[in-house]
Amino acid sequence: MAPLGPFEPAPLLAVAVSGGADSLALALLARDWARARGGMVTGLVVDHALRPESGAEAALTLQRLAGLGIAARLIVLQGLAHGPALAARARAARHAALTEAAAGLGIVHLLMGHHAGDQAETVAMRRLAGSGPAGLAGMAALVEGRSLRLLRPLLPVPPGRLRATLRAAGLDWVEDPSNRNPAALRARLRLARGDADGAGVLTRAAGEAAAARGAARAAVDHEVAAELAARVRLHPGGYAMVAPGPLSPPALGALLRVIAGAAHAPPPAQVAALAVALRPATLAGVRVMPAGRLGPGWLLLREAAAMAAPVLARPGAVWDGRFRLADGAALPEAAWFGAVGDDAARLRHLKAAQHLPAALLRTLPALRLHGELFVVPHLGYAGPVSCHLTIILHAVESPIAGAPFLPSAGLCPKGVQARVGM
């Protein structure tokens, strides 16, 4: 766990527990590690409600966690239905629910039970999808999110050792039949690998290759962070100023991702073509234009046509993947959260707006009541409804240059099977 730090003196950890062997073993190991440091673990059990027996399995998992002295919360996902892209939809819903639950508990460390077999399958899936070196680094051991740190301490550990850990503790687990469903690519790759314990040569080689690529990716991440700090000024209004000259493709990709509020950078080939020489262009929901009166260099802003529709203005609401309403914000019931849009022209008289291009003004976040603007924080505008101007925060899912990629090679769990700790 040390490479995944820092942790507070008495660490509070949340563990995503499906009831399967991997996550249950992680909960057991995390409990021992946290207790040894005066901390505590909370299990977050997600019921996808997609199978008739899932409710009973979740209840059994809660019972097993209670027997281990681990406090737990049950999260039942609503609205998931069988159909296209079910795995991706379930994963997104699960991640959102886990994030919300951990934040509600005041926990910033969320542990996931991905192991060496999962890493090998992830690399194989990305290779089939044509991923580049960054994607073939596999899953990171640490991901810094908007409100939590996602940790994967078991990435180097074969799943067979995790099952042995549970047997040594006298614990049983739930077997999810979807893990053996040949309709799913991951399940087919698992069957093709023929290494249920995850201790075979192919699994080990895949993990070692991913770790090597991860180390290279970490070095690039350091370089990107330094380049962005020297060349880019990111404004809390969701746009960026770039100094004259080219940007490296990784730095430009990171910048495009943040301006668009996207989970991933655009395809590398598209980014590389633009990075050679910045020029007026639109790519992946981001517009590139000369900075004009803002100074030398280039302005990167959200493409107005690509912005999300307004959402109801509620505390914590996220609009366009880029802006979040402050927690505890007092807002009228009928308020909406979206872009300035066509109202940009009537704000031109504001001092803060006079030097900004019209295209940029349209993309700034705003609040409306009965169709009328009443707050545009980044212009210092407040209408007839009283509202604090720090109510809207620029808060993308992951920072433009957060923690460097941490490959699984940096981890060395010691307690698997022996239950000594991590």
Original post:
Which of 85, 59, 339 moves most in a GNM of the chain, Cα contacts under 10 Å?
Top reply: 85
Subject >> Per-residue Cβ neighbour rank within 10 angstrom, fewest leading, 381, 239 >> reply: 381, 239
Original post:
Taking neighbour Cβ counts within 10 Å as the exposure measure, how do 157, 311 sort from fewest upward?
Top reply: 311, 157
**OP:** Counting other beta carbons within 10 Å of each Cβ, put 392, 75 in order, fewest first.
**Re:** 75, 392
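Would you mind working out the magnitude of the charge dipole of the chain relative to its Cα centre, with +1 at each Lys and Arg C-beta and -1 at each Asp and Glu C-beta, to the nearest 20 Debye?
Working: 42 positive and 27 negative charges, 107 e Å.
Approximately 520 debye in magnitude.
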Original post:
Taking the Cα centre of each part, how many Å lie between the stretch 311-360 and the stretch 8-54?
Top reply: 38
**OP:** First measure r as the distance between the Cβ atoms of residue 226 and residue 125, then evaluate 1/(1 + (r/R0)^6) with R0 = 51 Å and state the FRET efficiency to the nearest 0.05.
**Re:** 0.95
Original post:
What does the helix-only formula give at 222 nm for the chain: each DSSP H stretch with n ≥ 4 adding -39500 (n - 2.57), the total divided by the residues, and the result rounded to the nearest 500 deg cm²/dmol?
Top reply: -10000 deg cm²/dmol
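Report the FRET efficiency, 1/(1 + (r/R0)^6), for residue 372 and residue 92, where r is their Cβ-Cβ distance and R0 is 51 Å, rounded to 0.05.
Details: r = 34 Å, r/R0 = 0.67.
Between residue 372 and residue 92 the formula returns 0.90.
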Subject >> Distance between modelled label sites at residue 235 and residue 348, nm, 7 Å Cα→Cβ extension >> reply: 1.7
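I want the local charge near residue 215. Using Cβ-Cβ distances under 15 Å, sum +1 for each Lys or Arg and -1 for each Asp or Glu among the other residues. Mind dumping the intermediate values first?
Working: positive: 213, 217; negative: 208, 221, 223.
Neighbour charge sum, excluding residue 215 itself: -1.
Based on the Cα coordinates of the chain, what is the per residue volume of their convex hull in Å³? Don't skip to the end; give the middle numbers.
Values: hull volume 65.3 nm³, N = 422.
Each residue corresponds to 155 Å³ of Cα convex hull volume.
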Subject >> Pairs of alpha carbons in the stretch 233-304 whose separation is greater than 22 Å (percent) >> reply: 9
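State the extension gain, in nm to one decimal, for the chain segment bounded by residue 191 and residue 37, taking 0.36 nm per residue of separation less the distance between their alpha-carbons. Present the calculation step by step, with values, prior to reporting the outcome.
Details: separation 154, 0.36 × 154 = 55.44 nm, distance 3.98 nm.
The residue 191-residue 37 span can extend by a further 51.5 nm.
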**OP:** Using a 10 angstrom cutoff on alpha carbons, build the Gaussian network for the chain and name the most mobile of 305, 275, 395.
**Re:** 305
Subject >> Estimated distance in nm for a label pair at residue 212 and residue 273, the labels positioned 7 Å out from Cα along Cα-to-Cβ >> reply: 3.2
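Show me 166-177, 106-117 ranked by packing, highest mean number of other Cβ atoms within 10 Å first. Please report the intermediate quantities before stating the final value.
Numbers: 166-177: 13.9, 106-117: 22.9.
Listed from highest to lowest mean packing, they are 106-117, 166-177.
Dipole of the stretch 81-229, Cα-centred, from +1 at each Lys and Arg C-beta and -1 at each Asp and Glu C-beta, to the nearest 20 debye?
Working: 19 positive and 13 negative charges, 73 e Å.
Computed charge dipole of the stretch 81-229: roughly 340 debye.
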**OP:** Take the stretch 308-394, drop everything but the C-alpha atoms, weight them equally and run the Debye formula without solvent; then report log10 I(q)/I(0) at 0.16 Å⁻¹ to two decimals.
**Re:** -0.54
**OP:** Give the residue from 406, 97, 59 lying farthest towards the positive end of the charge dipole for the chain; charges sit on Cβ (+1 for Lys and Arg, -1 for Asp and Glu) and the dipole is referred to the Cα centre.
**Re:** 406
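Which value results when the Cα radius of gyration for the stretch 209-354 is divided by 2.2 N^0.38 Å?
Details: Rg = 17.5 Å, N = 146, 2.2 N^0.38 = 14.6 Å.
Output field value: 1.19.
FYI, it's all coordinate maths here, none of it is from the lab. For clarity, every value in this text was computed on a predicted model and none was experimentally measured. Neighbour counts are summed over all protein chains in view; Cβ atoms, including those assigned to glycine, are modelled from backbone coordinates with ideal geometry.
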